[in-house]
Structure formats: structure tokens, C-alpha cells
Amino acid sequence: MENGSVVVPSPLLSFGLVVYDILNDDDDEIRELAARIATRVIMGKRYRRGMRDAIPLLASQRLAEYLARVYPDSSELCDGAMRRLMGCDEETAPFKISFQETLARAQKEDTTLFVQEKQNLFIDGAREIVIWSRVLKSVSSKAIPRNLAQNFTKWVMDGISLLAATGKVEIDGPLGWTSKAEVFTLGMRVIYGAEVLLNWRMRSKKVSVRGSEIRRKLRDFADTGRSGIHELWIDRVEAVLAYSVLVRLALVKEKIEMVVNES
Amino acid sequence: MEDLLERFDDIFRKNTCPLTKATYLDLINLFQKAMIFQSTSSPKLIEILDKNTRQLTAELHTHFETLRYNKHSRVTSALALLRKSMSYYLVINFILAGTAHFTVDEASGNKIGSLQNILYELGEVDPDNCCAILDELGEMLNHSRFEAVITLNSEIPVSIYRLSLNTSDLGVRSTAQSVLASLLSEDEVRCAFFAGLDGNSAGQTFDSLKTQCLYGPPSRVESAIRLQGFFLDHQLRLLQFWNQKILHDQAQYVRTLQKLLYESNVLPFHSKRNLRADCYLLVIFNKARCRALHFWVALYLDNGEWICRSAIPITQFWSSSL
């Protein structure tokens, strides 16, 4: 199971995803229980009673890595990862609402007298984005549904454009428009989504936009951000761009070495 | 304990106060539990307990008959406490003795036999007490020291299982399912239980649990969902491979779990300090300091635009393994 050479039935993938969701439950006792289950899932036949379990935060990360390693060709995993990156439940279509409307909802201030408490106070949207973007970068190209890739591409590109445009118009600061948790998470979603798209574009033509186009838009966004958008967004954009360029340069280096060796 | 038991005639048989009798039996039950707990007993004690059991069984049977004919009578409700204590005594005694049969006085013409029969009769005529006894039994049997008792005495989970199938009271059924699910969470108990179960019965039970999960009220779903997992696992072990039906059942089970997770997410009311903002500020400060140690690298893409001005060391630029 763990080395990928043994065939594991994909019905167990859905169980694995349920265990992952339980690891993010609001109740710490349930998370502890789920961590024990996650250990059994990951260890498989190597599991022995009395094995020490990881803490829930670490267990969820390892479980996601395990699922990505064992089910790289599963479109169910790709779909589940996308939903979790987008913060959607099973019944909501991830790209049904346009980015413009999503941003407007995120920016809307709640003026009610009593704030409604979130259903789950534990789950960290930004952390989920990081974990599931890594999973999406690990899936094989055949696991990526074409429709999903197209819708995701449109959403991310619209997101980068709109965030850049908003950054030009609105002034940011310690209590600015990016400091709102929902807006910050949405921005991280766009940036990590762009990273996923760059990864997919290297391996598949299902992403209809060229990598250079994505990089150019990110560059524009980062340049706009110099006037005061959230530092973490800009840091992340620069990191994505740097890595993407290094990947390209490594390819160039490889080609040069091939030519040199042949001559 | 022996002194207490020797006064059975005075305190119990000749006494007319049901509260006193119930309290007396509760004391004996505590001793019986301790005996199971410590795995100690003496033949003399077992003999006295067994002798009292016969009498109690006959008396309990009389109570059950009275309940059947006077279902809505207020007189019978006054004896509920005594009935509970007597039933619990018989159940504990069954476990202690490790035997399956208690015979009643032949003159009555009826027999209340094994643990299964006791629980079934109680479930039919006094479901509230049956649920209370099942809950106490479950709590007792889930203790780690009782694991060996259940492993050796496989009739305990089987009796509870049959009760869950045959009882007409929905509350008793749900409670029996919950207790059984707790018992089956132990590997050895589960293996022994399913080893003795025939395939048809397991299949029918699974279908019934599935229906209960899909169409039952939330309280019944909660008791059935745990058992359904064990039976689904058993089905797969019997089949040895994944076929269409199992895949469908498994998908339905996962979907039910997901719905329960989403709908049962309780909102605990406790405050959490948002540490995220503090952590991010720390990261920003460190990165700003680190940037001073590196030199800038500007790169062109094939279209000649500046796309990246990033602080990375020049050595990393060429030697990074990608």
C-alpha cells in the first residue's frame, strides 16, 4: 500500500477522505480518535497495536500525502482535493459562483448585532489550501478532468486580474481590505491555485492558458502589490514565480547539457 | 458477602417493601460485579447465588406476567425499581456463572431461560428497564478487565444481537445496537461473534441497518451506523473481493458518514485566541532581515519581460535540484 506497487481498491479512498475530514473536527477528542484511525490507514498491514499516533495536525498532513502517493491516478482524489482547496462541500459546485461575486461576498462586512459563530472553529482555510494544492500537484495528468481544469483555470485567471485591479483601487493596511480573514484566504486560494495551474501546464495541455500568461498576470499582481497589498500574498507570489522560473531554467540547462554531450 | 446472602430469606423473601428488596439486590449485584472483576469466587457463594437465582427467576416471571395483563396499571409501576434490580441480578449472575440456563419452578409451566430470554422478556414488557440494564451492561462490559469475560462467553454479544433483531420496541433495539457496537470494537470479540454468524443472517441484518440509517430518525441512525460498518466489513471478508453491490453499499455508507459529520458538528462554546496573525508578523520580520543577506536576481522570460525579482542566492540558482 505504502510503496504504490500493491493495488489498493479505490473504495478505500473515500474512507480516507472521511477520516481526513474527521481530523479537522471541532471536537479535540474526535480529532484524537481520527488520528488513531489515520495511523491505521497509513500503516496498513504494518500496523501493530501500541504504535504511537501522530498529533491530529500532523496526521492530517501525512494522510493527505499518503492519499496522493497511493492514488495519483484517481479522479475522485483530484475532485476531492479541488473541493477542499476551494472550501466547498460535496453538494456545492466549486466554480458555480464567479470570482467577482465570491470576492464581493468575502469583502462584505457583517453588520448584525450578534455575530453568528462558525460551525467549525478549528479548521484553518489557509492550511487546507496549502495541503490540497500539494495533492493536486501530485496527481497524474490523466486524473485531471478536462472540465475541472478549464473551470479552475478561468477562476484563477479571473481571480488574479480582479485582485490586482482591486489592489490598484483600494488602499490596504493593518485593517485594510486584505486583513479580513475571508478575503485573505480567498487570495491565498488564487495564488496557490496559480501554482497548481503552472504545475499542470508543465504536464498537460488540459490547462488552456500558457504558463507565460499566468506568470505575466502574477507579475502584474505582485507589482501592484508593492504599493501595499498584504505582504504574505506578495511573498507567496514571488515564491511561485521564482520556482516556476527555476523549473524553466532547469529544463533549459538539461537541454543545453544534452546538446553539449551530443557534440 | 456470605453473611449478606444468608439473610436472603429475612431481607428479601419475607419482606414486603419493594424498595428494601431492590436495595438488597443492588448490594448483591455490586458484590457479583466485584467477583467478576477480580475473577474470584468460591463454590459456596456460587451455590447460594444459584439457589437465590431460581427463586428470583420465578418471581421475575410473575412480575412479567402481571405486567402483560396490567400494562397500564399504576400498581405495576411501583415495582419498576425492584424489577430492574431483579433483572440485573439475573444478568450479572449469568455472566458470573458462565452458564446459559436458569430453570424455574416446574409448577409454573414456563421457563425463563438464558440471557437472551431474560433480555427479550424484559424488552417486551418493560422496555425502559431493559434499556437501563443494557446501558449498565454495556458500561460494565466495556471495561478492559471484562474483555476476557466476553471473549470466553460468546453468548453475551450474541444475546444482545438477537435482542436487537427480535425486539419490537425501537428504543430497546437502538440501545442493544449501541451496546453491541461497543462490544464489537474489540478485535477478538468481533472475530468470535462473526465466526458464529451465518451469512444469510448477516446479510439481512446489514440490509436492515442500511434501511435504518437511510430512513430512520437521528437517534436510530446513530445506533445503526456503528454496527453497519462492522457488518459491511464482514460482508467484504466473506466475499473476498469488491463487487458491484459491495461498492454501492460502501459508497452509501461513506455518504451517510459524511452527512452525519456535517450535520452533527456540535458548536462548542469556548474562545480561541487567533494566533495566526502573530505568526504571520513573525514570518514577515524574519524574511525582511533575511533579504538583506541575499542579492537580487532578475530573470527574463522568452518574451523579454521581467517576471521575477526574487531574493535567492546565486548558488541556489544553478545548483537547485528540481
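The values are calculated or read from the model by the stated rules, or taken from the named source; none is laboratory data. Predicted, not measured: the structure shown is a model, and the values here were computed from it. Ideal geometry is used to build each Cβ from the backbone, glycine not excepted, and the neighbour counts take in all protein chains shown. Note: accessible area is taken over every heavy atom of the protein model, side chains too, but ligands, DNA and RNA are not part of it. Shrake-Rupley method; radii C 1.70, N 1.55, O 1.52, S 1.80 Å.
Numerical summary
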item	result
Filter result (modelled with pLDDT under 85, in contact with a helix residue (DSSP H, G or I) (Cβ under 8 Å, 6 or more places away or on another chain) and open to solvent by 10 Å² or more (accessible area, probe 1.4 Å)) within segment B:176-191	B:186, B:188
Every residue from segment B:74-85 that is modelled with pLDDT of 60 or more and assigned to a helix (DSSP H, G or I)	B:80, B:81, B:82, B:83, B:84, B:85
Residue count, segment A:80-119 (criterion: within 14 Å of chain B (Cβ to nearest Cβ) and surrounded by fewer than 17 Cβ atoms within 10 Å (Cβ to Cβ))	11
Which numbered condition residue A:164 misses (of (1) open to solvent by less than 30 Å² (accessible area, probe 1.4 Å); (2) free of Cβ contacts under 8 Å to residues at least 40 places away in the same chain)	(2)
Tally of residues being more than 10 Å from chain B (Cβ to nearest Cβ) and out of contact with any helix residue (DSSP H, G or I) (no Cβ under 7 Å at 6 or more places or on another chain) across segment A:227-251	2
Some residue of segment A:223-241 being touching a strand residue (DSSP E or B) at 6+ places or on another chain (Cβ under 6 Å) and either closer than 27 Å to residue A:110 by Cα or not polar (S, T, N, Q) (or both)	yes
Selected residue [over 32 Å from the mean Cα position of the chain (by Cα), open to solvent by 60 Å² or more (accessible area, probe 1.4 Å), farther than 18 Å from residue B:134 by Cα and at pLDDT below 80] from B:71, B:44	B:44
Selection from segment A:13-38 of residues that are open to solvent by 20 Å² or more (accessible area, probe 1.4 Å) and farther than 19 Å from residue B:254 by Cα	A:27, A:28, A:29, A:32
Selection status of residue B:122, part of a helix (DSSP H, G or I), at pLDDT below 85 and closer than 21 Å to residue B:220 by Cβ	yes
Residues of segment A:25-38 that turn out to be more than 10 Å from chain B (Cβ to nearest Cβ) and not basic (Lys, Arg), as a count	7
The lone exception for residue A:51 - which of (1) surrounded by fewer than 14 Cβ atoms within 10 Å (Cβ to Cβ); (2) under 15 Å from residue A:196 (Cβ atoms) it fails	(2)
Identity of the residue in segment A:120-161, touching a residue at least 40 places away in the same chain (Cβ under 8 Å) and acidic (Asp, Glu), that ends up least open to solvent (accessible area, probe 1.4 Å)	A:128
